[in-house]
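Presented below is the structure to which this report refers.
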Amino acid sequence: RLAKDSCSLADSPEKNTTQFARDLISGLSGQPKVTSPKYFYDARGSELFEAICRTPEYYPTRTEMMLLRQSVAQIVADIPMHSVLVEFGSGASEKTRLILDAAPQLSSYIPIDVSDGALSKATIRLREDYPNLHISPLVEDFTKDIQLPLSTTGKPIVAFFPGSTIGNFTPEEACNLLVLWRERLGHLGHEVQLIIGIDMVKDEGTLLAAYDDAQGVTAEFNKNLLLRANRELAADFDIDRFYHRAIWNASEQRIEMHLVSCVDQVVTIGGYRFSFHKGEFIHTENSHKFTDGSFRRLCEQAGWSVSNHWISSPISFSIYQLRTL
Ligand code: AVJ
């Protein structure tokens with residue numbers, strides 16, 4: 001589906017709502033109850049995510065920005081003429097600007113995001129600031145089998161996946177996604193590279209604070225999922241009866257976010273009833289952290305080779321530049 005400012009053909013908003021309803025109902029029917037983090041990002045959720053990025057505790061965004069600033073000259077040196085930049089989960093496209101400013105050899109940019117609002121806003125601003133760049137936004141779930149526009153045929157592809165968003169996926173899902181992109185972007189003999197941001201395993205205190213900031217912005221972001229269900233699906237979540245929790249799961253090397261029920265209660269969503277006992281939780285997000293070794297193993301499994309790598313300090317965040325093997 002194309003963004004609002006282009007003409008919209010395929011998926012309708014109704015279809016997305018139905019998908020949300022279906023996924024939510026099936027996720028809450030299982031044990032433990034789970035939801036997909038992609039549903040955080042309605043217009044309000046995208047705003048809250050940007051507010052998280054401005055909290056003092058949430059180090060990934062500013063750390064990655066700093067690392068990108070320091071390494072961008074080296075990164076773009078490997079980008080061929082007339083390349084197409086494809087970004088997965090582009091949001092406000094703020095990090096992208098660092099690359100666009102340093103790489104005039106890019107001829108087009110395809111930002112892909114599930115949030116129509118965030119994408120339209122970003123596209124309008126980018127078109128003003130980069131009048132020579134051809135921008136074709138796609139409102140899509142980037143885990144889907146995405147078709148790039150015909151105009152990209154034969155051009156080198158630079159995929160950009162910053163923010164450690166890959167951490168939302170289990171190692172198996174992450175591997176499948178990297179394989180999908182290698183196959184899809186590389187079809188017809190395109191030259192493909194992937195620039196990807198990865199958050200690293202670090203001390204538990206720093207990790208936990210980043211996912212449970214003192215101002216409560218992350219808690220609000222987490223609870224917005226329930227408010228979204230109330231708004232879009234006429235669910236009756238009482239958000240004061242759930243609290244936000246972040247834990248470090250050491251054996252899986254991931255932060256988990258939960259919404260914990262404060263009391264025994266029943267919630268209804270479109271005629272379905274879900275009972276929660278006190279202390280029962282919805283597992284709303286995983287944010288996997290990596291070591292250099294664990295990330296390189298993932299790349300190798302998925303058929304990508306590391307051509308370059310940068311890491312920040314003292315707070316460790318990494319950018320990897322990958323090529324198909
Ligand atoms: C957008 C998936 C990278 O996992 O750090 C931020 C989302 N969740 N705070 C992350 C998020 C809670 C974020 N990603």
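Tabulated results
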quantity	calculated
For the chain, share of DSSP beta bridges that run antiparallel, in % to the nearest 5	60 percent
Whole-number percent relative contact order across the chain, with pairs defined as alpha carbons under 8 Å at least 6 apart	21 percent
FRET efficiency for M66 and T17, using Cβ-Cβ distance with R0 set to 30 Å, rounded to 0.05	0.20
Per-residue Cβ neighbour rank within 10 angstrom, fewest leading, V263, V192	V263, V192
Calculated log₁₀ intensity ratio I(q)/I(0) where the Debye formula runs over C-alpha points of the range 153-214, q = 0.24, 0.26, 0.29 Å⁻¹	-1.04, -1.13, -1.22
Which of L233, S29, S108, positive extreme of dipole for the chain (C-beta unit charges)	S108
Within the chain: Cβ-based charge dipole about Cα centre, in debye rounded to nearest 20 (Lys, Arg +1; Asp, Glu -1)	320 debye
Calculated FRET efficiency for the pair K144/V263, C-beta based, R₀ 41 Å, to 0.05	0.60
Per residue convex hull volume, Cα atoms of the range 169-325, in Å³	151 Å³
Size descriptor, Kirkwood hydrodynamic radius, that averages inverse alpha-carbon separations across the range 91-239, Å	18.0 Å
Estimated dipole of the range 177-325 in Debye, rounded to 20 [Cβ of Lys and Arg +1, of Asp and Glu -1, Cα centre]	360 debye
Burial order of peptide ranges 196-204, 27-35 (average beta-carbon count within 10 Å, highest first)	196-204, 27-35
Over the chain, equivalent-ellipsoid semi-axes from the Cα gyration tensor in Å	33, 23, 18
Using alpha-carbon coordinates, inclination of helix 217-233 to the longest axis of the chain, degrees	80 degrees
Leading residue at positive end of dipole, the chain (Cβ point charges), from T152, Q321, L177	T152
Within the range 158-229: Cβ-based charge dipole about Cα centre, in debye rounded to nearest 20 (Lys, Arg +1; Asp, Glu -1)	280 debye
Mean separation of Cα contacts under 8 Å (6+ apart) over length of the range 24-114, as relative contact order %	25 percent
Residue order, fewest to most beta carbons within 10 Å, for E285, E256, E183	E183, E256, E285
Estimated vicinal HN-Hα couplings, Hz - the range 27-42 in sequence order (Karplus 6.51, -1.76, 1.60; Gly, Pro = x)	x, 7, 7, x, 9, x, 6, 9, 9, 8, x, 5, 7, 5, 9, 7
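Bear in mind that the values in this text are calculations on the coordinates, not laboratory data. Predicted, not measured: the structure shown is a model, and the values here were computed from it. Positions of Cβ are backbone-derived with ideal geometry, glycine not excepted, and every protein chain shown enters the neighbour counts.
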